[in-house]
Amino acid sequence: MLIGAMNHPMRDVAGEIWSFRELGFDFLDLTLEPPRAHPGAIDVGAVLTALAESGLSAVGHTAWYLPLASPFPGIQQAAFDELTRCFDVFAQLGIHKVNVHPDQRVALHQPEEIIERNVEALWRLNERATERGIQLMLENVPGLFNRVDILRQIFNSVPRLAWHLDVGHANLGSPSNMAESMLQALDDRLAHVHFSDNKGGDADLHLPLGAGTIDWPTIVALLRRYSYDGTITLEVFSPDLDYLALSRQKLRRLWDSLSPL
């Protein structure tokens, strides 16, 4: 199992790579977002050099707010174009796993129409990603696309699409964390995982592990039960990197000590 961290869009990417290396992380979860990590803003050569010299590998992350299911054709096309620019940069960096987020902000449309618009968009995006040697992953997000039945419907409709499990998101909008029911239905598509803590409800707090209500020993044991041994990003956002470092230490200790459920 490899543990990674995500860069901050307002900081220099190459500098953060070295910070993560010093903290003991295995990979960078590179999010390409404005203002300083936009595809047109980052120094691809400097990032390549930093990754090579630090020994970190990388996965790709895209902005959650791109309107890929917009009913306005021009706006939807602009979202596709932005994501394609991201895919091009990821390909230049040798990154082969990249996520996207479903778009549920489609006013005056029924849920089934929103799902269908997302399926159509994901088909198109998956083709662009595949052309560049990228495995496209869909991340579960709070709301409509945190439901197991809807996620299963999407994955059945887009056969080559992989799944990015966000455990923090699975703890929102539900009386209990939905990671286990998601794994039961979708483990054959699982390609990447995000960890962050929260206190349930609807607030995606991105807290350090142990600062919220998620039962991390149970989550780790579940992943091991489903034979997952891939990349886990700690999506912990704090100005104090000690909390990120502590979360990495806690995850490593848990992973090494727990047996599968």
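Quick note: the coordinates plus some simple rules give every number you see, no bench work behind them. In this text the structure is predicted, and so the values were computed from the model without any measurement. Glycine also receives a Cβ, built like all others from the backbone with ideal geometry; neighbour counts cover every protein chain displayed.
Observations
- Estimated FRET transfer efficiency when R0 is 35 angstrom, pair D215-D240 (beta carbons, to 0.05): 0.90
- Just checking the listed ones, D29, D187, D149: in the Gaussian network model of the chain with Cα springs under 10 Å, the one fluctuating most is D149.
- Percentage, to the nearest whole number, of Cα pairs in segment 2-257 over 27 Å apart: 34 percent
- For segment 197-261, the set of trypsin sites (Lys or Arg not before Pro) satisfying both a DSSP loop assignment and a count of at most 16 other C-beta atoms within 10 Å is given as K199.
- For the chain, the mean residue ellipticity at 222 nm estimated from helices alone is -13000 deg cm²/dmol, where every DSSP H run of n ≥ 4 contributes -39500 (n - 2.57) and the total is divided by all residues, rounded to the nearest 500.
- Highest-MSF residue in the chain out of D215, D229, D240 [GNM, Cα springs under 10 Å]: D240
- About the Cα centre, charge dipole magnitude for segment 23-85 (Lys/Arg +1, Asp/Glu -1 at Cβ), debye: 140 debye
- Distance between segment 148-199 and segment 37-90 - C-alpha centres, whole angstrom: 23 Å
- Span-like helix ranges in the chain, DSSP H, alpha carbon extent 27 angstrom or more, Kyte mean at least -0.5: 73-92
- Note on the chain: with a GNM built from Cα contacts shorter than 10 Å, the maximum mean-square fluctuation among P102, P208, P35 falls on P35.
- Hull volume per residue, based on the alpha-carbon atoms of segment 1-80 and their convex hull, is 95 Å³.
- Applying the criteria of a DSSP loop state and at most 16 other Cβ atoms within 10 Å to the trypsin sites (Lys or Arg not before Pro) of segment 1-83 yields R11, R36.
- Check: the chain dipole with +1 on Lys, Arg Cβ and -1 on Asp, Glu Cβ, in debye: 320 debye
- Computed label-point distance, nm, for sites A107 and I75 using a 7 Å Cα→Cβ extension: 0.8 nm
- Each of H61, S257, N146 was scored by the projection of its Cα onto the charge dipole of the chain, and the greatest displacement toward the positive side belongs to S257; charges sit on the C-beta of Lys, Arg, Asp and Glu.
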